[in-house]
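Chemist: Following this message is one structure expressed as structure tokens.
The values are calculated or read from the model by the stated rules, or taken from the named source; none is laboratory data. Please read these numbers as outputs of a predicted model, since none were measured by experiment. Here the Cβ positions follow ideal geometry from the backbone for every residue, glycine too, while neighbour counts run over all protein chains shown.
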């Protein structure tokens, strides 16, 4: 199993550009989520999905969109990038409720100029 | 509001020494607590999980303790190695939230030769 994979590993955008961060998992997990990690802030939940076709907002959803058309994939879209979105983004998946172990991807380091 | 506080924020120790990291939480009703290790440039990886009835859980040189009465957990690292240099994140889930997790901001540990 590849686990949770993310692409790209690094990305530089200009303010106003849009892009999609890809996330895929091969463990047939129902629950997938996106976090951003900033220095001194810890991991903050952006959006999550409890299954194909179902998504919901987390703590910091503004400026981001998600969709879940398949169990495996959970892309994160930046509609119009802003310097405040410079961060490291982690995708995670787990099988079920909060008690289950969460598997994180390797992260995408995004810089918005 | 559910909160998870970790201390110290950062720690430097000599190789071979022991250390203890602390996690205090206000999450209620408590479901479980996990410690994650995050190496630089990588996603977090689960070290231990503890439920309400467990006081101690070990994973090699890592030993986690839980005092559900005082809502405190500690992660003890024995005979530290250079590879222990990482950020250690405490994550607590509650019985009512279903999918939500409460993250601490992490303790950054540096083990020096």
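Chemist: Which of the strands (runs of 3 or more DSSP E) contained wholly in region A:6-113 include at least 2 residues that are closer than 17 Å to residue B:43 by Cβ? Before the answer, list the steps.
Modeler: Numbers: elements: A:10-13, A:19-25, A:31-38, A:42-51, A:54-57, A:64-66, A:76-78, A:87-94, A:108-112.
Passing ranges, in order: A:10-13, A:19-25, A:31-38, A:42-51, A:87-94, A:108-112.
Chemist: Out of curiosity, is residue B:80 touching a residue at least 60 places away in the same chain (Cβ under 8 Å), surrounded by 13 or more Cβ atoms within 10 Å (Cβ to Cβ) and part of a loop (DSSP other than H, G, I, E, B)?
Modeler: On the way: touching a residue at least 60 places away in the same chain (Cβ under 8 Å): yes; surrounded by 13 or more Cβ atoms within 10 Å (Cβ to Cβ): yes; part of a loop (DSSP other than H, G, I, E, B): yes.
Yes: the conditions hold for residue B:80.
Chemist: Do we have residue B:74 as facing another protein chain (nearest Cβ under 10 Å), modelled with pLDDT of 95 or more and part of a strand (DSSP E or B) here?
Modeler: Values: facing another protein chain (nearest Cβ under 10 Å): no; modelled with pLDDT of 95 or more: yes; part of a strand (DSSP E or B): yes.
Spelling it out, it is not the case that residue B:74 is facing another protein chain (nearest Cβ under 10 Å), modelled with pLDDT of 95 or more and part of a strand (DSSP E or B).
Chemist: Look at region B:1-58 and say how many of its residues are part of a loop (DSSP other than H, G, I, E, B), surrounded by fewer than 20 Cβ atoms within 10 Å (Cβ to Cβ) and in contact (Cβ under 8 Å) with a residue 40 or more places away in the chain. Give the steps one after another, and end with the answer.
Modeler: Start the filter on region B:1-58 by keeping residues that are part of a loop (DSSP other than H, G, I, E, B), which leaves B:1-3, B:8-9, B:15-18, B:26-29, B:39-44, B:52-55.
With the extra rule that they be surrounded by fewer than 20 Cβ atoms within 10 Å (Cβ to Cβ), the set shrinks to B:1-3, B:8-9, B:15-18, B:26, B:28-29, B:39-42, B:52-55.
Applying the additional criterion that residues be in contact (Cβ under 8 Å) with a residue 40 or more places away in the chain yields B:2-3, B:8-9, B:15-18, B:26, B:28-29, B:39-40.
Within region B:1-58, residues that are part of a loop (DSSP other than H, G, I, E, B), surrounded by fewer than 20 Cβ atoms within 10 Å (Cβ to Cβ) and in contact (Cβ under 8 Å) with a residue 40 or more places away in the chain number 13.
Chemist: Given the conditions (1) more than 28 Å from residue A:9 (Cα to Cα); (2) at pLDDT below 95, and given that residue B:6 satisfies all but one, which numbered condition is not satisfied?
Modeler: Condition (2) is where residue B:6 drops out.
Chemist: Looking for whichever is surrounded by 15 or more Cβ atoms within 10 Å (Cβ to Cβ) and in contact with a helix residue (DSSP H, G or I) (Cβ under 7 Å, 6 or more places away or on another chain) here; the options are B:111, B:91. Which one fits? Give the derivation first.
Modeler: On the way: B:91 fails: in contact with a helix residue (DSSP H, G or I) (Cβ under 7 Å, 6 or more places away or on another chain).
Exactly one of B:111, B:91 is surrounded by 15 or more Cβ atoms within 10 Å (Cβ to Cβ) and in contact with a helix residue (DSSP H, G or I) (Cβ under 7 Å, 6 or more places away or on another chain), namely B:111.
Chemist: Something else about it: Have a look at B:87, B:97 and point out the one that is under 29 Å from residue A:95 (Cβ atoms) and at the interface with chain A (Cβ under 9 Å from one of its Cβ atoms). Steps first, answer last, please.
Modeler: Details: B:87 fails: at the interface with chain A (Cβ under 9 Å from one of its Cβ atoms).
Of the residues listed, the single one that is under 29 Å from residue A:95 (Cβ atoms) and at the interface with chain A (Cβ under 9 Å from one of its Cβ atoms) is B:97.
Chemist: Filter region B:100-113 down to residues that are in a strand (DSSP E or B) and at pLDDT below 95 and give me whichever is farthest from the other protein chains (Cβ to nearest Cβ).
Modeler: Our first condition is that a residue be in a strand (DSSP E or B); within region B:100-113, this holds for B:102-103, B:107-112.
Pick out the ones that are also at pLDDT below 95 and you get B:102-103.
Numbers: B:102: 9, B:103: 5 Å.
Here the residue is B:102.
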